[in-house]
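My structure is below; once you've seen it, I'll send some questions.
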Amino acid sequence: MKHVHLAADLGASGGKVFTGNVHNDRLTLQEVNRFPNRPVSINRIDFWNVLGLYENILESIKLAMNKNQEILSLGIDSWGVDFGLLNKNGHLISNPIHYRNMFKTNIMQETIEEVGKKWIFDHSPTQFQPFNSLYQILAYKRYAPEFLEISKDLLTIPSLFNYFLTGEKTIDFTMATTTQIYNHRKRDWDVEIIERFEITDILPKIVPAGTKVGKIKKEIIDKSSNIEVILPASHDTGSAFAAIASDPKDTLYISLGTWCLTGAIVDEVPFSYELMENNLAAEGCLDGSYRILANVTGMWLIQGIIKSLNLPDNGETYQKITKMAEGAEPFSSYINVDDPSLQNPDDMIQAVKRQSFKDSNIELKDDSQVIRTILESIAFRINETKEKLSKILKNNFKRVHAVGGGTRNELLCQFISEATGLPVITGPVEGTAVGNLVSQLYALEYLKDFDEIRELIKRSFEFKNYEPKNHEIWQEAFNRFKYKNK
């Protein structure tokens, strides 16, 4: 019987589950299951279907066991900020609400006006996003206070599933840092934020990434009671960054997917209001360090284009979309990919066209121009982030290393190299699952330190390399749009 570890990677659009272990001194992965993650909209509010996701996790465990494999451990990672509420009897109160609903509210801005942006940043020095857990809790206080009144526990998405499986209620460091309730310098929940906003005693205990939670309850799946549930770097970006094997000192990291999460790794969050002024996040890594990054909107825009064109969401469609972009005129326009109007539009193509006219006073005529403008603008935005991080962190980046499903888009990867003027390394494609697995191996002491983790990843996967060929032309176009938008 083969011994394996199981990594469940839950993304905003779908879930992927892999088995993995070290074989012949290499980490090997095998896909077990994929399933969609489709929010359910009721009265114009989007909810996560966590019960459906939980069923898919159980089904994935059974599928792996049916292949004559003994599962030694299970780790679950997901997107950040969102959570479920449990009552005093441990029952789920409603389905967790989708973070994109928060773009329809003014809660964050009203909170900033009430206490001051600097006050919040001093207590939790991370990015300001309307969907941060803090503002979601305040939205509950306004629109559904009775939910909070009967709540006993708040659990982020992976911790919620871990609770379903084991009965234990914990959150790991990487996920806690996404809430804007975590004090990065005290490395704990911020008591003053909790008291100022009258957040009841619902926040779970914070543990390091790579902590054993407990074993799956015997009644859930027959013969599964020996499976050790582990909190990996449970925020998916934390797991993705754990899979990047390049030297962290001078590498610009990107987790390339729905979001292009672009940043650098530091031991401690610097005391700098430039982080606040540039709205940079400070989020936790597997080894207890921090990633200073920007949430650049990424393949979400392309997913929206595919929906607007009523095309199937598959590899063939993405190839078609990329070919359309290749054939379009370069630098025909520029858009702010992070504009709120692009976060949840009814029609992405029309939204991008409106954004193009707003940002560049240019009407995009056809869909190919729309797609190319998106990809170029993502690359421009990544270059902006690189320049800001270089200045704030005093880091002269020598390379870009990207992981994740978005690296399959070779055109975008080349654009990033052109825009930044740096070589781009990509891989592994399933970076989040790889980071999840090495978190488990570290927790079980099969890997003793983070140098050993990086060396294992280097010898286990193939990497692609991109070199800048026309950086000066890209820089000229970037400066032209930048100047025009001032």
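Against the definition (in a helix (DSSP H, G or I), over 24 Å from the mean Cα position of the chain (by Cα), crowded, with 23+ Cβ neighbours inside 10 Å and touching a residue at least 40 places away in the same chain (Cβ under 8 Å)), how does Val352 come out, yes or no? Don't jump to the end; show me each part of the working.
Working: in a helix (DSSP H, G or I): yes; over 24 Å from the mean Cα position of the chain (by Cα): no; crowded, with 23+ Cβ neighbours inside 10 Å: yes; touching a residue at least 40 places away in the same chain (Cβ under 8 Å): yes.
When the stated conditions are applied, Val352 does not pass them.
Any residue in segment 204-225 that is touching a His at 6+ places or on another chain (Cβ under 9 Å), part of a loop (DSSP other than H, G, I, E, B) and among the aliphatic types (A, V, I, L, M)? Before you say what the answer is, go through the steps one by one.
First, the residues of segment 204-225 that are touching a His at 6+ places or on another chain (Cβ under 9 Å): 209.
Adding the requirement that they be part of a loop (DSSP other than H, G, I, E, B) leaves 209.
Those still in the list that are among the aliphatic types (A, V, I, L, M) too: 209.
Yes, there is a match, as at least one residue in segment 204-225 is touching a His at 6+ places or on another chain (Cβ under 9 Å), part of a loop (DSSP other than H, G, I, E, B) and among the aliphatic types (A, V, I, L, M).
Next question. Quick one: in segment 91-105, of everything that is assigned to a loop (DSSP other than H, G, I, E, B) and open to solvent by 10 Å² or more (accessible area, probe 1.4 Å), which residue is farthest from Leu444 (Cα to Cα)?
Here is the first cut: in segment 91-105, the residues assigned to a loop (DSSP other than H, G, I, E, B) are 91, 93-96, 98, 105.
Those left that are additionally open to solvent by 10 Å² or more (accessible area, probe 1.4 Å): 91, 93-95, 98, 105.
Details: His91: 31, Ile93: 34, Ser94: 35, Asn95: 33, His98: 33, Thr105: 43 Å.
The selected residue is Thr105.
Now, a different point. Would you point out the residue of segment 273-289, among those that are open to solvent by 40 Å² or more (accessible area, probe 1.4 Å) and in contact (Cβ under 8 Å) with a residue 60 or more places away in the chain, that is nearest to Ala209 (Cα to Cα)?
As a first pass, look at segment 273-289 and keep what is open to solvent by 40 Å² or more (accessible area, probe 1.4 Å): 273-274, 277-279, 287.
Adding the requirement that they be in contact (Cβ under 8 Å) with a residue 60 or more places away in the chain leaves 273-274, 278-279, 287.
Values: Tyr273: 28, Glu274: 28, Asn278: 27, Asn279: 25, Asp287: 8 Å.
Per the stated criteria, the residue is Asp287.
Further, regarding this structure: Which residues, taken from segment 310-329, are surrounded by 16 or more Cβ atoms within 10 Å (Cβ to Cβ) and not polar (S, T, N, Q)?
Tyr318, Ile321, Met324, Ala325, Ala328
Check Ile292 against each of (1) in contact with an Asp or Glu (Cβ under 7 Å, 6 or more places away or on another chain); (2) surrounded by 21 or more Cβ atoms within 10 Å (Cβ to Cβ); (3) not small (Gly, Ala, Ser) and name the one condition it does not meet.
(1)
Only one residue in Ile265, Ile254 is open to solvent by 10 Å² or more (accessible area, probe 1.4 Å), in a strand (DSSP E or B) and touching a Ser or Thr at 6+ places or on another chain (Cβ under 7 Å), so which one is that?
Values: Ile254 fails: open to solvent by 10 Å² or more (accessible area, probe 1.4 Å).
Unique residue meeting the criteria: Ile265.
Residues of segment 330-349 being of a type in the set (Gly, Ala, Ser) and either part of a helix (DSSP H, G or I) or open to solvent by 60 Å² or more (accessible area, probe 1.4 Å) (or both), which ones? Even if it seems obvious, please write down each step before you answer.
Initially, segment 330-349 is screened for residues of a type in the set (Gly, Ala, Ser), giving 332-333, 341.
Ser341 - this is the single residue of segment 330-349 that is of a type in the set (Gly, Ala, Ser) and either part of a helix (DSSP H, G or I) or open to solvent by 60 Å² or more (accessible area, probe 1.4 Å) (or both).
Here's something else I'd like to know. Are there any pairs, at least 6 apart or on different chains, whose C-beta atoms fall under 6 Å, with the first in segment 121-144 and modelled with pLDDT of 95 or more and the second among the charged types (D, E, K, R) and surrounded by fewer than 21 Cβ atoms within 10 Å (Cβ to Cβ), and if so, which?
What qualifies is His123/Glu192.
Consider Ile392 carefully, then state whether it is of a type in the set (A, V, I, L, M), within 19 Å of Leu280 (Cα to Cα), touching a residue at least 40 places away in the same chain (Cβ under 8 Å) and surrounded by fewer than 23 Cβ atoms within 10 Å (Cβ to Cβ).
Working: of a type in the set (A, V, I, L, M): yes; within 19 Å of Leu280 (Cα to Cα): yes; touching a residue at least 40 places away in the same chain (Cβ under 8 Å): yes; surrounded by fewer than 23 Cβ atoms within 10 Å (Cβ to Cβ): yes.
The answer is yes for Ile392.
Within segment 459-486, work out how many residues are open to solvent by 100 Å² or more (accessible area, probe 1.4 Å), among the basic types (Lys, Arg) and within 26 Å of the chain's Cα centre (by Cα). Full working, then the answer.
The first filter runs over segment 459-486 and keeps only residues open to solvent by 100 Å² or more (accessible area, probe 1.4 Å), leaving 462, 464-465, 467, 469, 472, 476, 480, 483-484, 486.
With the extra rule that they be among the basic types (Lys, Arg), the set shrinks to 464, 469, 480, 484, 486.
From what is left, the residues that are within 26 Å of the chain's Cα centre (by Cα) are 464.
Final tally of qualifying residues: 1.
Mind checking which residues of segment 446-486 are touching a strand residue (DSSP E or B) at 6+ places or on another chain (Cβ under 7 Å) and either free of Cβ contacts under 8 Å to residues at least 40 places away in the same chain or at positive phi (or both)?
Phe463
Is there a residue being modelled with pLDDT under 95 and either open to solvent by 30 Å² or more (accessible area, probe 1.4 Å) or part of a strand (DSSP E or B) (or both) anywhere in segment 108-116?
Step one: of segment 108-116, the residues modelled with pLDDT under 95 are none.
No, because not a single residue in segment 108-116 is modelled with pLDDT under 95 and either open to solvent by 30 Å² or more (accessible area, probe 1.4 Å) or part of a strand (DSSP E or B) (or both).
State all residues of segment 226-251 that are over 22 Å from the mean Cα position of the chain (by Cα) and outside any loop (DSSP other than H, G, I, E, B); if no residue qualifies, say none. Give the derivation first.
Taking segment 226-251 and keeping what is over 22 Å from the mean Cα position of the chain (by Cα), we get 226-228.
Matches in segment 226-251: Glu228 only.
Contact list please: Cβ distance under 6 Å, first residue in segment 151-173 and more than 16 Å from Ser133 (Cβ to Cβ), second residue modelled with pLDDT under 95 and in a strand (DSSP E or B), pairs at least six apart or on different chains.
Partner pairs satisfying both residue conditions: none exist.
The values are calculated or read from the model by the stated rules, or taken from the named source; none is laboratory data. The shown structure was predicted, so the numbers you read here are calculated from the model rather than taken from an experiment. All Cβ positions, even for glycine, are placed from backbone atoms using ideal geometry, and neighbour counts span all protein chains on display. Remember, those area values only see protein heavy atoms, side chains included, never the ligands or the DNA or RNA. Shrake-Rupley method; radii C 1.70, N 1.55, O 1.52, S 1.80 Å.
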